[in-house]
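Encoded as structure tokens, the structure appears first; notes follow it.
The values are calculated or read from the model by the stated rules, or taken from the named source; none is laboratory data. Treat the numbers as computed from the prediction; the structure is a model and nothing was measured. With ideal geometry, Cβ positions are generated from the backbone for all residues, glycine too; neighbour counts draw on all protein chains shown. We work out accessible area using only protein heavy atoms, side chains counted, and drop any ligands, DNA or RNA first. Shrake-Rupley method; radii C 1.70, N 1.55, O 1.52, S 1.80 Å.
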Amino acid sequence: MKTFIKRLGVLLIIGIVAMGAAKVFQADIHADIYALIGQLSIKLRAFLSDTPEDAEAPGRFPDRAREDSSAANLYGIPADHGYSDEALQRYRAWIDQAIEHSENRPVIIVDKLARTLELWIDGEKEASFPVDLGRDPISDKFVEGDGATPEGVYRVTWARDRGQTRFYRAYLLDYPNQTDLDELRDLQAKNLAKSTATAGGHIEIHGDGGMGMDWTLGCIALSNEDMDKLFSYSLKAGTPVTIVRYGTRENY
């Protein structure tokens, strides 16, 4: 028991120090630090859980909702993802519009629940890659620092190759767009967000992902190998990027 307490105490101290560093250096924190924090949290859950072998598995927010299968709808969408027929129709309308536009150019569709980035060309799905998302992978992004990955219809504004970006390779998105800014102002008008809050920015599709956990500040991260594959399509500025919470699958 004493050994357990000592080991738990050491892990708690390390976790507190790591989280403190994350808070101080949040604007410039590197992927390796978030990965460390994630692994520490997994270890702590292993110590505190009655079934540590389960706690060792890489976790994602939706996993907790799936513990109660009765809370899922007929599509298997977890209750905490805010499922409604209206939302599903909205997301699928965005998806259909994106696929229709792919007849003239490549388009990207990101499904946050499925953790996938799909590349569509001429109405056909050309490729699909697994992704890591923001620390809050479920919510839509509204304010800077919320750790959420945004939802909506965006465009690539520029591409950065190796040596031009901190995350291997990257595509910058035009977040926040006018819709995002209007949503933030609406929240502020309802006193649901601070009047000084900003929408944030610099949301990218970038490399250094493939960690099997959600760790970014809101970006969409692919493994470097998958970023190489995505870059092989030579996507240009203006490439449409649609991000939905769910909707690309009939059954999750």
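What are the residues in segment 176-213 that are of a type in the set (A, V, I, L, M, F, W, C), in contact (Cβ under 8 Å) with a residue 12 or more places away in the chain and either under 18 Å from residue 227 (Cβ atoms) or outside any helix (DSSP H, G or I) (or both), if any? 193, 197, 199, 203, 205, 211, 213, listed by residue number. Do you know which residues across segment 214-236 are open to solvent by 10 Å² or more (accessible area, probe 1.4 Å) and either part of a helix (DSSP H, G or I) or within 19 Å of residue 106 (Cβ to Cβ) (or both)? Selection gives 224, 225, 226, 228, 229, 231, 232, 233, 234, 235, 236. Is it the case that some residue within segment 182-204 is closer than 16 Å to residue 240 by Cα, among the polar types (S, T, N, Q) and surrounded by fewer than 15 Cβ atoms within 10 Å (Cβ to Cβ)? Looking through segment 182-204, none of the residues is closer than 16 Å to residue 240 by Cα, among the polar types (S, T, N, Q) and surrounded by fewer than 15 Cβ atoms within 10 Å (Cβ to Cβ).
Of all residue pairs spaced 6 or more apart or on separate chains, those with beta-carbon atoms under 9 Å, a first member in segment 157-175 that is on the phi > 0 side of the Ramachandran plot and a second member that is buried (at least 18 other Cβ atoms within 10 Å of the Cβ) and assigned to a strand (DSSP E or B) are 168/206. Residues that are open to solvent by 40 Å² or more (accessible area, probe 1.4 Å) and of a type in the set (Ser, Thr, Tyr) within segment 237-252 comprise 248, 252, listed in sequence order.
Within segment 125-165, if we keep just the residues that are among the small types (Gly, Ala, Ser) and touching a Ser or Thr at 6+ places or on another chain (Cβ under 7 Å), the residue that is nearest to residue 94 (Cα to Cα) turns out to be 152.
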